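Reviewing the structure listed below.
The values are calculated or read from the model by the stated rules, or taken from the named source; none is laboratory data. Source: prediction; values computed, not measured. Please note: Cβ atoms are built from the backbone with ideal geometry, for glycine as well, and neighbour counts cover all protein chains shown. Surface areas here come from the heavy atoms of the whole protein model, side chains and all, with no ligands, DNA or RNA. Shrake-Rupley method; radii C 1.70, N 1.55, O 1.52, S 1.80 Å.
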Amino acid sequence: GHARTMASSWGCAESFSYDAGTMNTDHGIFNSMLGQGWTLMSASDDKGAFADCTNRSVEYPASDPDVLSAGGTDLFLAGSGGPWSNETAWVGGTTAGSCASNNGGGGGGCSVQWALPSYQSGRIQSLCTMRAEPDFSLNAGIGQNFYYNGALSGVGGTSIVSPELAGIWAQINAYLGSFPSTACGGGCTTVGQAGPDVYNAQAGGRHNPFYDITSGCTTNDAGSGYCGIVGYDR
């Protein structure tokens with residue numbers, strides 16, 4: 001009864017693979033979880049602009065407005081083992097089978113199921129009239145270590161971004177829970193739905209907590225994708 005963070009690395013294309021009735025059912029479950037203070041996140045997929053590798057589409061449940069959509073970048077260092085240098089959009093492979101083998105680049109685009117949530121209104125440069133994803137991206141294109149069953153292994157893709165974000169929000173929720181009951185006007189609660197906080201993070205703040213990804217395109221063997229631009233990217 002204490003866990004209030006959920007991460008998913010599973011999903012499939014809106015409409016083409018995931019029907020509206022099932023999405024609406026799941027959305028109702030997610031609404032109930034938000035009401036209990038849960039923070040939800042899901043991988044936006046590793047197939048660029050084509051969540052089923054055929055049709056231009058986004059992946060559900062990452063496209064659900066209750067869920068923080070976890071996208072992917074390519075991370076570059078300044079020399080071997082050096083410090084952070086820059087990040088681009090995660091560029092997919094263009095050889096046959098790249099999309100189908102989860103090497104299609106960071107997933108993103110415009111939902112056909114969900115209306116534009118209020119927290120995205122005025123913040124996505126009118127790129128989508130419906131819910132846009134991803135919301136937040138971390139390194140996915142360059143492999144990184146994870147420790148499991150007593151050994152280090154290498155992994156990439158947005159399926160590592162989603163649990164990394166879960167770790168971040170677990171720490172935030174734990175921090176909020178550490179305050180005395182007299183704080184926050186009667187006790188601090190968990191973040192719950194993360195979207196509003198992500199899109200309002202720099203409002204009135206002294207520091208923008210995000211890097212703006214302005215280069216790289218999610219084109220793959222299934223077709224042309226979306227390119228990094230100033231401001232919000234698909």
- Task: Search the stretch 190-201 for residues being part of a loop (DSSP other than H, G, I, E, B) and modelled with pLDDT of 85 or more, and hand back the single one that is farthest from the chain's Cα centre (by Cα).
- Result: Thr190
- Sole exception among (1) at pLDDT 95 or above; (2) over 14 Å from the mean Cα position of the chain (by Cα) for Met41, by number: (2)
- Query: Applying the selection to the stretch 155-178, what residues are closer than 25 Å to Gly48 by Cα and polar (S, T, N, Q)?
  - Reply: Thr158, Ser159, Ser162
- Task: Being out of contact with any Phe, Trp or Tyr (no Cβ under 6 Å at 6 or more places or on another chain) and within 16 Å of Asp233 (Cα to Cα) is the filter here, so list the residues in the stretch 131-154 that pass it.
- Result: Ala132, Glu133, Pro134, Asp135, Phe136, Ser137, Leu138, Asn139
- Query: What tally of residues in the stretch 207-234 results from selecting those that are surrounded by 12 or more Cβ atoms within 10 Å (Cβ to Cβ), of a type outside the set (Gly, Ala, Ser) and within 20 Å of Cys128 (Cα to Cα)?
  - Reply: 12
- Identify the single condition in (1) β-branched (Val, Ile, Thr); (2) open to solvent by 70 Å² or more (accessible area, probe 1.4 Å); (3) within 24 Å of Ile229 (Cα to Cα) that Thr158 does not satisfy, given that it satisfies every other one. (2)
